[in-house]
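Engineer: Here it is, the structure, as structure tokens.
The values are calculated or read from the model by the stated rules, or taken from the named source; none is laboratory data. Worth saying up front: this structure is predicted, and the values here are computed from it rather than measured. Because the Cβ atoms are built from the backbone with ideal geometry, glycine has one as well, and the counts that use them run over all protein chains shown. Heavy atoms of the whole protein, side chains included, go into the accessibility calculation; ligands, DNA and RNA do not. Shrake-Rupley method; radii C 1.70, N 1.55, O 1.52, S 1.80 Å.
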Amino acid sequence: MRDREGDFESVTVPELHCDQLRDLLISEGAETVVEIGLVYAGSALAIGEALATVDPPLPRHIVIDPFQEGEYANAGWDLLRSAGLDSFTTLMPTPSSTALPQLLSEGFVADAAFVDGSHRFHEVFVDLYFLRKIVRPGGLIVIDDDWWPSVHTAAQYYERNTGWQVIPDAFPGDASGAGPRGGQRVRCKAYRLPDPSFEPSFEEFRAF
């Protein structure tokens, strides 16, 4: 771990939420998942378990994290490898703002995405912009730390303007609580993308 007090607990997705993420992906029959943020691999292990359980012919798990080697000494990647999940997992050690356009240009299509990268509004907004083009119509985008105002606000644009539908029972139980800035917010939130996809009219913009 990094030499910071409570680092693991503060940045790792809790076990309950990882289990719920795994079960959601299994219920969806997900075969291809893109994930932003690896860190200590809690959510990545859950995604890997889901893909192994679904057992499609060609499972794919793309993980984007430019800080894995420098900040985390490859702790998460080494854990994925030790679990044998590197057979269908690819680590892209570049910023999501460059990795996602690359995936899009290559024609990569995902069934679902898990977003736990930068919490700066403009970077979350850009991540979601590209993911709505990469994740197939009717697929899932799951956001961690929705209780952060910057993350929540970025997601609100897509919910109010591009037809993303919240899956209300995706993270039941104590998946909600007081956010880091106060107030009650959901930590993990799952969205289903519209099918078919569409581009909203600029004349019908809904403030977020």
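Engineer: Of the residues in the range 1-25, how many are in contact with a Leu (Cβ under 9 Å, 6 or more places away or on another chain) and at pLDDT 95 or above?
Structural biologist: The number of residues fulfilling the criteria is 4.
Engineer: Restricting to the range 21-44, give me the number of residues that are over 13 Å from the mean Cα position of the chain (by Cα) and in a helix (DSSP H, G or I).
Structural biologist: Result for the range 21-44: 4.
Engineer: Now for a different question. I'd like the residue in the range 57-69 that is among the charged types (D, E, K, R) and modelled with pLDDT of 95 or more and, out of all such residues, is surrounded by the fewest Cβ atoms within 10 Å (Cβ to Cβ).
Structural biologist: Result: 60.
Engineer: With the checklist (1) in contact (Cβ under 8 Å) with a residue 40 or more places away in the chain; (2) closer than 20 Å to residue 94 by Cα; (3) not acidic (Asp, Glu) in hand, flag the one item residue 17 doesn't pass.
Structural biologist: Just one mismatch for residue 17, condition (2).
Engineer: To continue, here is another question. Taking only pairs six or more apart or across chains, which ones have beta-carbon atoms under 8 Å, a first residue in the range 193-204 that is under 8 Å from residue 162 (Cα atoms) and in a loop (DSSP other than H, G, I, E, B), and a second residue that is open to solvent by 50 Å² or more (accessible area, probe 1.4 Å) and of a type in the set (A, V, I, L, M, F, W, C)?
Structural biologist: none
Engineer: Answer yes or no as to whether residue 107 is part of a loop (DSSP other than H, G, I, E, B) and either in contact with a strand residue (DSSP E or B) (Cβ under 6 Å, 6 or more places away or on another chain) or at pLDDT 95 or above (or both).
Structural biologist: Against the criterion (part of a loop (DSSP other than H, G, I, E, B) and either in contact with a strand residue (DSSP E or B) (Cβ under 6 Å, 6 or more places away or on another chain) or at pLDDT 95 or above (or both)), residue 107 qualifies.
For every residue, the table says whether it meets (1) of a type in the set (A, V, I, L, M); (2) in contact (Cβ under 8 Å) with a residue 24 or more places away in the chain; (3) surrounded by 19 or more Cβ atoms within 10 Å (Cβ to Cβ).
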position	(1), (2), (3)
3	no, no, no
37	no, yes, yes
41	yes, yes, yes
55	no, no, no
73	yes, no, no
76	no, yes, yes
81	no, no, no
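Engineer: Return yes or no: is residue 71 in contact with a helix residue (DSSP H, G or I) (Cβ under 7 Å, 6 or more places away or on another chain) and not aliphatic (A, V, I, L, M)?
Structural biologist: no
Engineer: Further question on the same structure: Hey, any hits in the range 83-91 for a residue that's open to solvent by 80 Å² or more (accessible area, probe 1.4 Å), over 17 Å from residue 131 (Cβ atoms) and either of a type in the set (S, T, N, Q) or not in a helix (DSSP H, G or I) (or both)?
Structural biologist: Within the range 83-91, one or more residues are open to solvent by 80 Å² or more (accessible area, probe 1.4 Å), over 17 Å from residue 131 (Cβ atoms) and either of a type in the set (S, T, N, Q) or not in a helix (DSSP H, G or I) (or both).
One line per residue, one yes/no per condition, for (1) part of a loop (DSSP other than H, G, I, E, B); (2) of a type in the set (D, E, K, R); (3) out of contact with any strand residue (DSSP E or B) (no Cβ under 8 Å at 6 or more places or on another chain); (4) more than 26 Å from residue 130 (Cβ to Cβ):
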position	(1), (2), (3), (4)
3	yes, yes, yes, yes
8	no, no, yes, yes
79	no, no, yes, yes
97	no, no, yes, no
